[in-house]
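Notes for the one structure printed next.
The values are calculated or read from the model by the stated rules, or taken from the named source; none is laboratory data. Fair warning: this is a prediction, and the values are worked out from it, not measured in the lab. Note that each Cβ is placed from the backbone with ideal geometry, even for glycine, and that neighbours are counted across all protein chains shown. All accessible areas refer to the heavy atoms of the entire protein, side chains included, with ligands and DNA or RNA removed. Shrake-Rupley method; radii C 1.70, N 1.55, O 1.52, S 1.80 Å.
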Amino acid sequence: MNTYFIKKFLYGDIPEVTAGASDVKNTAAPATESKDTWPLWEVFIRSKQGLDHKHAGSLHAADATMAIENARDVYTRRQEGVSLWVVESKYIHASNPDDAESFYTPAEDKVYRHPTFYDLPDEVKHM
Amino acid sequence: MPIEDLEKAFQNKIDNEIKIEPRDWMPEAYRKTNTRQISQHAHSEVVGMLPESNWISRAPSLKRKAILIAKVQDEGGHGLYLYAAAETLGTGREQMIDDLNSGKAKYSSIFNYPTLTWADMGAVGWLVDGAAILNQVMLCRTSYGPYARAMVRICKEESFHQRQGFESLLVLSKGTDEQKAMCQDAINRWWWPSLMMFGPKDSESTNSDQSMKWKIKRKTNDELRQNFVDMIAEQIKLLGMKLPDPDLKWNEEKKHYDYGEINWEEFWSVVKGNGPCNRQRLDARNKAHNEGAWVREAAIAYAEKKKNKQTAA
């Protein structure tokens with residue numbers, strides 16, 4: 001089998017003639033989070049009619065139109081959605097995780113808010 | 001709260017399988033480790049596009065070309081999910097991309113090997129993506145929420161990558177003698193580098209212990225590598241090909257395959273930048289980044305202009 005000649009394409013994906021790239025210098029401009037950085041957007045997808053939009057992830061885009069197009073390209077390549085929302089991340093306000101305990105405890109001792117709290121005779125059947 | 005208590009509460013959450021979310025308190029080292037790992041992972045997706053995109057124009061049929069384009073597009077998307085996950089830890093994407101382009105940040109060494117024949121596309125899908133998937137399936141349960149969610153999304157898409165690779169080799173393995181030889185040759189060249197993808201041996205891995213304790217990782221390098229060997233050693237039978245390891249043998253006692261010693265010298269040499277294609281990959285990344293600069297600027301300028309028009313109207 002190994003007598004066959006395998007045609008190896010050495011153009012395009014060529015190994016180094018002189019191996020080693022530890023001396024490669026960065027030619028890109030230094031990173032700055034300047035005004036030239038595209039803002040961050042949060043992406044929400046409705047997977048099918050009748051369901052809520054659900055947070056899918058985030059991306060960078062110059063404006064809303066681009067954010068929606070990019071979201072289409074990266075988050076719905078396999079028909080994951082029929083509708084997209086994008087919101088610039090800076091407009092999202094969130095509850096503070098450090099306060100979570102006191103913030104959400106009031107709901108903890110109110111078991112009477114759940115239907116299972118009430119014992120009813122079996123004769124009632126469905127209620 | 002004193003830092004010891006915060007750390008204790010943090011470890012408690014991890015032990016109880018409660019995910020860590022971006023705004024939760026976390027030890028600096030946890031933040032740093034995750035930032036490094038997630039951004040490296042993102043870089044690997046992005047650099048991984050290079051050897052494959054190179055074959056789009058040379059794919060043997062329209063079907064294979066469409067598949068390859070879809071795969072390369074997926075890798076770009078995976079890079080984005082991961083950069084976005086890493087950004088939630090406080091480092092900007094610009095900074096991460098800059099670290100990649102300057103050679104400061106690492107990416108998976110596997111992409112420093114060249115893809116010389118069409119069969120390499122199949123071998124990369126089957127072996128390289130196959131190795132990556134084992135790691136990624138584990139990471140779907142990693143302790144940092146955004147990373148875990150990105151991995152779930154990625155895993156859903158990745159399984160097509162491995163399947164198309166295997167199927168592509170399967171076709172070659174049933175082809176002409178020359179195609180069979182090409183298939184075997186690709187497997188020969190990609191097998192050992194794929195094993196290296198899991199990283200150094202457990203006994204020599206410096207980050208492993210803490211990462212396991214923090215449940216960033218849930219399996220050690222050697223465990224994952226063994227899973228991979230067991231999986232591939234069986235699958236290759238269907239191709240009628242051979243893995244280039246004379247020591248590969250089923251161990252009835254351990255219920256695992258034994259395999260030969262990895263060339264660690266080569267591993268470290270490639271990690272340190274002396275692989276066959278390190279320079280080429282970084283050059284390609286820098287070229288793309290620099291030549292795309294005007295697009296990024298123009299998009300910002302256009303968005304500004306549109307906004308000004310709206311406020312003026």
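Data for the structure
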read-out	value
Percent RCO, i.e. relative contact order, over segment B:5-72, from Cα pairs under 8 Å lying at least 6 residues apart	19
A:Leu120 paired with B:Lys174, simple spin-label distance in nm, labels 7 Å along Cα-to-beta-carbon	6.2
Range of Cα positions in segment B:1-49 per principal axis (Å), largest first	45, 20, 16
Straight-distance crosslink candidates among lysines, where the alpha carbon sits under 19 Å from B:Lys180 and sequence neighbours closer than 8 are dropped	A:Lys7, A:Lys8, B:Lys237, B:Lys242
Centre separation in Å (Cα based) which lies between segment B:280-313 and segment B:67-132	23
Cβ-based charge dipole, segment B:17-56, positive-most Cα from B:Gln37, B:Pro27, B:Asn54	B:Pro27
Shielding of B:83-95 by partner chains, average beta-carbon count, 10 Å	4
Surrounding net charge for B:Asp247, when Lys and Arg each add one and Asp and Glu each subtract one, Cβ distance under 11 Å	-2
Per-residue average of Cβ from other chains inside 10 Å of B:114-121	4
Average Cα contact separation per residue, chain B, under 8 Å, 6 or more apart, as relative contact order %	18
Residue (of B:Trp190, B:Ile154, B:Ser205) at the positive-pole extreme of segment B:148-217, dipole from beta-carbon charges	B:Ile154
Within-12-Å neighbourhood charge of B:Ala123 [Cβ basis; K, R +1; D, E -1]	-3
Relative contact order of segment B:56-193, defined on C-alpha pairs under 8 angstrom at six or more residues apart (%)	26
Tail beyond 18 Å, pair distance distribution of segment B:20-122 (Cα, percent)	53
Apportionment of accessible area to carbon and sulfur, segment B:160-279, percent (1.4 Å)	51
By average C-beta atoms within 10 angstrom, highest first, the peptides B:156-167, A:45-56, A:95-106	B:156-167, A:45-56, A:95-106
Cα point-scatterer Debye curve for chain B, base-10 log of I(q)/I(0) at q = 0.14 Å⁻¹	-1.15
In the A-B interface, the accessible area buried, summed over both sides, Å² (probe 1.4 Å)	4400
Surrounding net charge for B:Ser203, when Lys and Arg each add one and Asp and Glu each subtract one, Cβ distance under 14 Å	-4
Accessible area (Å², per residue) of chain B, counting only protein heavy atoms and a probe of 1.4 Å	46
Qualifying lysines (Cα of each under 16 Å from Cα of B:Lys287; at least 8 residues distant if same chain)	A:Lys25
Among the listed pairs B:Lys156/B:Lys219; B:Lys63/B:Lys156; B:Lys13/B:Lys254, those beyond 25 Å (Cα-Cα)	B:Lys13/B:Lys254
Ratio of the Cα radius of gyration of the protein assembly as shown to 2.2 N^0.38 Å, where N counts its residues	1.12
Complex-versus-alone comparison for segment A:49-83, residues with a loss of 30 Å² or more in accessible area, probe 1.4 Å	A:Ser58, A:His60, A:Ala62, A:Asp63, A:Val74, A:Tyr75, A:Arg77, A:Arg78
Apportionment of accessible area to carbon and sulfur, segment B:1-132, percent (1.4 Å)	57
Cβ crowding within 10 Å averaged over residues, with B:3-13, B:31-41, A:114-124 ranked highest first	B:31-41, B:3-13, A:114-124
Carbon/sulfur fraction of accessible area - segment A:32-86, other protein chains in place, 1.4 Å, %	53
Karplus-derived 3J(HN,Hα), 6.51/-1.76/1.60, for each residue of segment B:287-292, Hz, glycine and proline x	4, 4, 5, 5, 6, x
